[in-house]
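In what follows, a structure is listed as structure tokens, so that the remarks can point back to it.
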Amino acid sequence: MPDLPSSLKRWYERKSSLLVERGVKIGIFDSPEGRDKNSFGVSLELDSRISYLTVWDSGEVQISSIDLDTDLAPKEEYRESVPEGDLLVIADNLATWVFRT
């Protein structure tokens, strides 16, 4: 099983400078020590668009996004057994979505 938390951390390390240069506020979230499942999450916020991507070492992925100008509630998606390649596509798609006008 791929180590999705490490994969998302590497994605964040590669993309964070460009995102910050473009005005994105980034938050990162590491799971506390002693949890049954290790997780890592990244939030991206630009203007009214906010996205959260959380991954676990069990292969699970939680995707959340909301445009505060148009959405009444966040769009949520949960996936199990996500391959690393799919995770990277999801992360890139969320970053692209944040920049849409």
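The values are calculated or read from the model by the stated rules, or taken from the named source; none is laboratory data. From a predicted model like this one, the values you see are computed outputs, not experimental measurements. When we count neighbours, we look across all protein chains shown, and the Cβ atoms used for this are built from the backbone with ideal geometry, even at glycine.
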**Request:** Tell me, please, whether a residue that is aromatic (F, W, Y), in contact with an Asp or Glu (Cβ under 8 Å, 6 or more places away or on another chain) and buried (at least 19 other Cβ atoms within 10 Å of the Cβ) can be found in region 37-50.
**Result:** yes
**Message:** List the residue pairs whose Cβ atoms are under 8 Å apart, where the first residue sits in region 1-30 and is within 11 Å of L44 (Cα to Cα), the second is assigned to a helix (DSSP H, G or I), and the two are 6 or more positions apart or on different chains.
**Reply:** L19/A95; V24/A95; V24/V98; I26/Y12; I26/S16; I26/L19; I26/V20; I28/Y12
**Request:** Determine if region 63-70 includes at least one residue that is aliphatic (A, V, I, L, M), out of contact with any Phe, Trp or Tyr (no Cβ under 6 Å at 6 or more places or on another chain) and either loosely packed, with under 14 Cβ neighbours inside 10 Å or at pLDDT below 95 (or both).
**Result:** yes
**Message:** Checking the structure you have, find out if any residue of region 19-29 is buried (at least 16 other Cβ atoms within 10 Å of the Cβ), within 26 Å of A73 (Cα to Cα) and of a type in the set (V, I, T).
**Reply:** yes
**Prompt:** Would you say L44 is at pLDDT 95 or above and farther than 13 Å from P5 by Cα?
**Reply:** yes
**Prompt:** Among the residues of region 4-16, is any in a strand (DSSP E or B) and surrounded by 12 or more Cβ atoms within 10 Å (Cβ to Cβ)?
**Reply:** no
**Item:** Residue under evaluation Y78, criteria (1) assigned to a strand (DSSP E or B); (2) farther than 20 Å from W11 by Cα, criterion not met
**Value:** (2)
**Asked** Which one of these is without any contact (Cβ under 8 Å) to a residue 60 or more places away in the chain and in a loop (DSSP other than H, G, I, E, B): G34, G41?
**Response** G34
